[in-house]
Amino acid sequence: MPKNELTQMLYGGDYNPEQWPEESWDDDLKIFKNTQINSITINVFSWSLLQPCEEKYDFSKLDKIINKFSNAGFKIVLATATAAMPAWMFKKYPDVARVDYQGRRHVFGQRHNFCPSSPNYQRLAKQLVTQLTKRYADNEQITVWHINNEYGGYCYCNLCQQEFRKWLKNKYHSVNELNRAWNLNFWGHTIYHWDEIVVPNELGDAFGPENSDTAVSGLSIDYRRFQSDSLLKLFQMEKEIIEFHNDKVLVTTNFHGTPNPDLDYFKWAKFQDIIAYDSYPTYDTPAYQTAFLYDLMRGIGNGRPFMLMESTPSQVNWQNYSPLKRPGQLQAQELQAVAHGANTVQFFQLKQSVGAQEKFHGAVIAHSGKQNTRVINEVKQLGKTLQHVGPQLLQTTTQNKVAIIFDWSNLWAVNYAAGITKDLDYLASVLDYYRALYEMNIPVDIIGVDSDFSHYKLIIAPMLYMVKENLGSKITNFVENGGKFITSYFSGLVDETDNIYLGGYPGPLKKVTGLWVEETDAILPESVIKIKFNDGLSADGTLLSDLIHLERASALAYYDSEFYQGTPAITKNIFGKGESYYLGSKLDNKSLKHLFKTICQDQNDSLSITNYQYSSLELCKRVTAKTEYIFILNLSNQAEKIPTSIDLNKYETLLNTDKNSSNSIKAWNVMILKRNRLISD
């Protein structure tokens, strides 16, 4: 049966009333009402309060919290509290604690330190969640169940080693197939029995810092897949319990990171009713990187709106430097998430902790307890904005025509690749392409290798080092049927188990790109390779240079220095009804934009919101079948001009936080425009 949908834009965040005297709760509630906050996230780290010992549960305080805020009309995001284990659990059952990469077992303290393979952790978590859901499943104010919190981190204990061997048996079926998949003839690593498999660790086939170096990359990549799957099984266990008691309520967990390298979020997303994300850009994070992460969250959710589960209304406590947000910055940054598909705005935290590690993390209610603070006034203003625009935006989606592929297995494999250059960075490569499109105001979806390609006119796959089974033919079919495809150096080299495709690079992409790569040159740091486009533009190439042999492809640009001067650097191949492009070197930002403009401008309709006019403002679009909403965000400390290609006279102004100007926007101000969609849209 279909799940409930969000009926309003949630505005609130993490609240820990159990840390405060009960007599203070009413004052907090009044402030929340005054600032338009309509939801609270509770019970995230309350396991020790709910279960003071194995034989006893105590829900008395949680009952009071839920009753008070339910009766006051707040929507509740109720966490299962399984992210932080009580001290008695470590003392009674040491196996619940993780063993680290160096072989040391954790002790009580910190959080996110449970072993996913521990039968005792699984049993106790299952019992707790069963008690919670039986007690609160019928409360209609509970809008979302929030399982655990920010899953991540790995365990290397004997229990995980045993479960890893079972996981491998299920995947490879025989020791011979495992030997082939991991190429274990290398260095005489052939195994004959499953119990000879040892998990990666600092004293074994992995070495150096955790998840950085490995002798057998197939082993380390598979262990990352296994740990991601193991944590996912815990999530599924809790979700099944919740759904047994209430199969309509939304269930999720909060994703995090830039992105989190530990978990395959595309795989996890299949089991989330709604994607939730914790966003904490640093003071110097470029706006395009934050936009990329929001587009990734929307992408892993197959284009559906997501929850902004955590953000900060003020400072965070864990950055090296955490300046105050400038006037208007709070609203502009939160609306950036909304522009990219968020249907909630939630903070960590609603009330500032009195002690311990996060006591200086910003909150709606600060240590002063005063109600007329700058932060509270800005939170209130944002609340009014969301009340005004939220109902109109709740049913909107994005319908982009350009996508970038991002793949966690590829991320892991590139990290373990030893050779050519130590500066290989898959995420940085993807961000290079995303940034160029972002600055051209071309909206982008971030998709996975298993996503549906048919919605797009242009798909970009930078540094697609690992091409899994059938992906090559999927890309080939996309181009053959009329799509445009761009890939780059260090693509098509290995299969799913990190073994090289023989016969020349880029392996399964040779046919669609119409070329093969003989060798790859490492460009030394601070050096560049000169590249010249056929139209005369000069460009700089860095990182790598592929020595390319054309088969069916033609050259769009040639190397203009080094011993391979005059050989192809950037190519185009007409294939079926479509086209594929190959970049043999890492291009600078200006040259990437030039290439994208060349590729995109021959579309019958523009892929850019501003018709390729560059702007320092961020522009995003959300649509319904009949209406489009354009967000114009100034995410900087200075005023910026609105692109002349945006004809403000054709739009209704739904929001304009800078009411004194019509052709520019002051620092940290936002406009939201609305119009009926055109037939050509």
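The values are calculated or read from the model by the stated rules, or taken from the named source; none is laboratory data. Values in this document were obtained by computation on a predicted structure and should not be read as measured data. All Cβ positions, even for glycine, are placed from backbone atoms using ideal geometry, and neighbour counts span all protein chains on display.
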Discussion item. Just to be sure I understand the filter: pairs with C-beta atoms under 8 Å, separated by 6 or more residues or on different chains, first member in region 294-322 and at negative phi, second member assigned to a strand (DSSP E or B) and at pLDDT below 95. Which pairs pass?
Written reply: Arg304/Thr397; Pro305/Thr397
Practice prompt. Taking only region 148-167 into account, find how many residues are surrounded by fewer than 22 Cβ atoms within 10 Å (Cβ to Cβ), within 28 Å of the chain's Cα centre (by Cα) and either polar (S, T, N, Q) or closer than 22 Å to Asp14 by Cβ (or both).
Written response: 3
Worksheet entry | Residues of region 634-643 satisfying the condition of being surrounded by 19 or more Cβ atoms within 10 Å (Cβ to Cβ) and farther than 17 Å from Ser662 by Cβ | Leu635
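Regarding Phe596, is this residue within 26 Å of Gln399 (Cα to Cα), in the same structural domain as Leu464 (by TED's automatic domain parsing), in contact (Cβ under 8 Å) with a residue 24 or more places away in the chain and touching a Leu at 6+ places or on another chain (Cβ under 9 Å)?
Yes; evaluated as a whole, the condition is true for this residue.
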Worksheet item: Which number in (1) over 30 Å from Arg165 (Cβ atoms); (2) under 13 Å from the mean Cα position of the chain (by Cα) marks the one condition that Lys248 misses?
Response: (2)
Worksheet item: Applying the selection to region 402-431, what residues are among the acidic types (Asp, Glu) and surrounded by fewer than 20 Cβ atoms within 10 Å (Cβ to Cβ)?
Response: Asp423, Asp425
Discussion item. Against the condition within 26 Å of the chain's Cα centre (by Cα) and at pLDDT 95 or above, how does Thr35 come out, does it pass?
Written reply: no
Worksheet item: Limited to region 334-363, what total is found for residues that are at pLDDT 95 or above and either at positive phi or of a type in the set (A, V, I, L, M) (or both)?
Response: 9
Worksheet item: When you go through Asp273, Asp278, Asp247 one by one, which is the residue that is more than 21 Å from Tyr154 (Cα to Cα), acidic (Asp, Glu) and crowded, with 18+ Cβ neighbours inside 10 Å?
Response: Asp273
Worksheet item: Counting just the residues of region 549-586 that are touching a Leu at 6+ places or on another chain (Cβ under 9 Å) and in contact (Cβ under 8 Å) with a residue 60 or more places away in the chain, which one comes out farthest from Leu424 (Cα to Cα)?
Response: Asn573
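Conditions tested, residue by residue: (1) outside the structural domain of Gly328 (by TED's automatic domain parsing); (2) surrounded by 13 or more Cβ atoms within 10 Å (Cβ to Cβ); (3) in contact with a helix residue (DSSP H, G or I) (Cβ under 9 Å, 6 or more places away or on another chain); (4) free of Cβ contacts under 8 Å to residues at least 12 places away in the same chain.
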| position | (1), (2), (3), (4) |
| --- | --- |
| Arg622 | yes, yes, yes, no |
| Tyr651 | yes, yes, no, no |
| Lys659 | yes, no, no, yes |
| Ser664 | yes, yes, no, no |
| Asn669 | yes, yes, yes, no |
Worksheet item: Restricting the search to region 6-30, which residues are under 17 Å from Met309 (Cβ atoms) and either assigned to a helix (DSSP H, G or I) or of a type in the set (Asp, Glu) (or both)?
Response: Asp14
Worksheet item: In region 222-239, which residues are closer than 16 Å to Asn149 by Cβ and touching a Ser or Thr at 6+ places or on another chain (Cβ under 7 Å)?
Response: Phe235, Glu238
Discussion item. Residues that are crowded, with 23+ Cβ neighbours inside 10 Å and touching a helix residue (DSSP H, G or I) at 6+ places or on another chain (Cβ under 8 Å): list the strands (runs of 3 or more DSSP E) wholly contained in region 549-591 that include at least 1 such residues.
Written reply: 568-575, 578-583, 585-587
Worksheet item: Here is a list of conditions, (1) farther than 30 Å from Pro94 by Cα; (2) in contact with a strand residue (DSSP E or B) (Cβ under 6 Å, 6 or more places away or on another chain), and Phe207 meets all of them except one; can you say which number that is?
Response: (1)
Worksheet item: So which residues in region 252-297 are within 23 Å of His112 (Cα to Cα), among the acidic types (Asp, Glu) and in contact with a strand residue (DSSP E or B) (Cβ under 8 Å, 6 or more places away or on another chain), if there are any at all?
Response: Asp273, Asp278
Practice prompt. Identify, from the list Ala413, Ala342, Ala436, the residue that is touching an Asp or Glu at 6+ places or on another chain (Cβ under 9 Å), touching a residue at least 12 places away in the same chain (Cβ under 8 Å) and not assigned by TED's automatic domain parsing to the domain that holds Phe266.
Written response: Ala413
Worksheet item: In this structure, does Pro52 turn out to be assigned by TED's automatic domain parsing to the domain that holds Asn372, out of contact with any helix residue (DSSP H, G or I) (no Cβ under 7 Å at 6 or more places or on another chain) and farther than 21 Å from Lys380 by Cα?
Response: yes
Item to complete: Could you look through region 480-496, keep only residues that are among the charged types (D, E, K, R) and within 16 Å of Ala413 (Cα to Cα), and pick out the one that is surrounded by the most Cβ atoms within 10 Å (Cβ to Cβ)?
Response: Asp495
